Amino acid sequence: MFVFRIDSRSGVPPYLQLVHQVRQAVLLGFLKPGDRLPLIREVSEAVAINPNTVAKAYRQLEQEGLVTGRPGQGTFVNETPAATISPATYTSLQRGLEAWLGRARAAGLDEQALNALFTAALNQAKNENIA
Amino acid sequence: MTATEYALRTDGLGKRYRRTWALRDCSLSVPTGRVTALVGPNGAGKSTFLRLAVGLLAPTTGSVEVLGESPATNTPQVLSRIGFLAQDHPLYKHFTVAELLRLGRSCNLRFDQGLAERRLAQLEIPLDRKAGALSGGQQAQVALALALAKRPDLLVLDEPMASLDPVARLEFLQALMGAVAADGMTVLFSSHVVPELERVCDHLIVLNHSRVTLAGDIDSLVDEHRLLVGPRTTADLDRAGTVVEATHSERHTTLLVRDGGLPAAPGWQSSPVGLEDLVLAYLRRPAGTEVAPTARTEVPA
């Protein structure tokens, strides 16, 4: 059975933490097509989290096409989850990021500065998408 | 259960002890089927609000409506639908757990003794043990089991975890969330520990200086607020939205804003703000600061 965890201090909303964990588990193959996610009640009790929050996470995963809820049976991982990327794309994105990291380190940025820059760029991109 | 949108509503609610107002001009709603946190520093009026909500206190001004009725009328029908767990989960210390269950059964219109026994068995709490001989965490669990056995439509808890160690806190929250998931009741609880609220609550009420300073769904509250960092400025702050808090250092200014668009000025960065920082900013505001848009405008005393 898939086990969730919640980091209260991460600053990431709990429902997003659940969404990320499922997304990542599917991407890395820890969750396979046909696997059943734990029931909302089970997650609520196991990690001490609001059932509405779990329901919200499952709804979002469903909208993303990653899972399908079957009434009375549970929520299952889809055959071809829409959010998975091909291994080739994954590798190429990782290479690109590694190359960028190399340039940033050469420019003298330490890990903290890297993180700050990355987060700033990410937020910028998000805001531009919204606008 | 009635299909009303709000389990609890107050209008202009206030409570005065002699010359001191413990709570003033409090108008708010607690949505049905949700878990609402009541947050504020010690002395902010949290316990007073909760006691007014369950009918243990009569209001000085305004009104309370719980599950469509006034709790002050004390009809057994209303009271049987409300569960209340007072601060420090008081139990009769010389009673055994079994005797407490019997008391609960005798004093309540509906009392699911089987449910309470199953919960306690799951937690391996012996029924023949005197309440006073149980650990703090176990006492809290017994008190919660008793409150849940009423199968309340509204469960009100006053600082339920204040005296518990981290393991007992987590176990208490697991039991509470399991019960919410199983029964879909409305929960209102007070706390001054913010980090663990975000996982268990979806609605938030912040009380400070005896008044409501912030109220709303946690997700929308977090979405509505942004942290803006830019070159130092003290003028024209409101251009960025409603400024909740402004901090200035020598060269830059940090603003926590509500309903803000992005600052048009270059060099400003906008980032999301976490629930804890958000709550702290509201708690740091001095008394008499203009109240947030969701609360009522204040009337001079």
| field | Test: A:VAL67 is open to solvent by less than 50 Å² (accessible area, probe 1.4 Å) and in contact with an Asp or Glu (Cβ under 8 Å, 6 or more places away or on another chain) | value | no
| task | Give segment B:191-215 a look and list any residue that's open to solvent by 10 Å² or more (accessible area, probe 1.4 Å) and among the small types (Gly, Ala, Ser), or say none. | result | B:SER210, B:ALA215
| B:ALA175 vs. criteria open to solvent by less than 20 Å² (accessible area, probe 1.4 Å), at negative phi, out of contact with any strand residue (DSSP E or B) (no Cβ under 8 Å at 6 or more places or on another chain) and within 12 Å of chain A (Cβ to nearest Cβ) | yes
| remark: In segment A:24-53, anything assigned to a helix (DSSP H, G or I), modelled with pLDDT under 90 and of a type outside the set (Gly, Ala, Ser) is listed as A:GLN24, A:VAL26, A:LEU27, A:LEU28
| message | If I ask for residues that are open to solvent by 20 Å² or more (accessible area, probe 1.4 Å), more than 26 Å from B:SER80 (Cβ to Cβ) and either outside any loop (DSSP other than H, G, I, E, B) or modelled with pLDDT of 90 or more (or both), which ones from segment B:23-61 would you list? | response | B:ARG24, B:ASP25, B:SER27, B:THR60, B:THR61
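The values are calculated or read from the model by the stated rules, or taken from the named source; none is laboratory data. Just so you know, these numbers come straight off a predicted model, no measurement behind them. So basically every Cβ, Gly included, is an ideal-geometry build from the backbone, and we count neighbours across all protein chains shown. The protein model used for the area step is the full one, side chains on, heavy atoms only, and it has no ligands, DNA or RNA in it. Shrake-Rupley method; radii C 1.70, N 1.55, O 1.52, S 1.80 Å.
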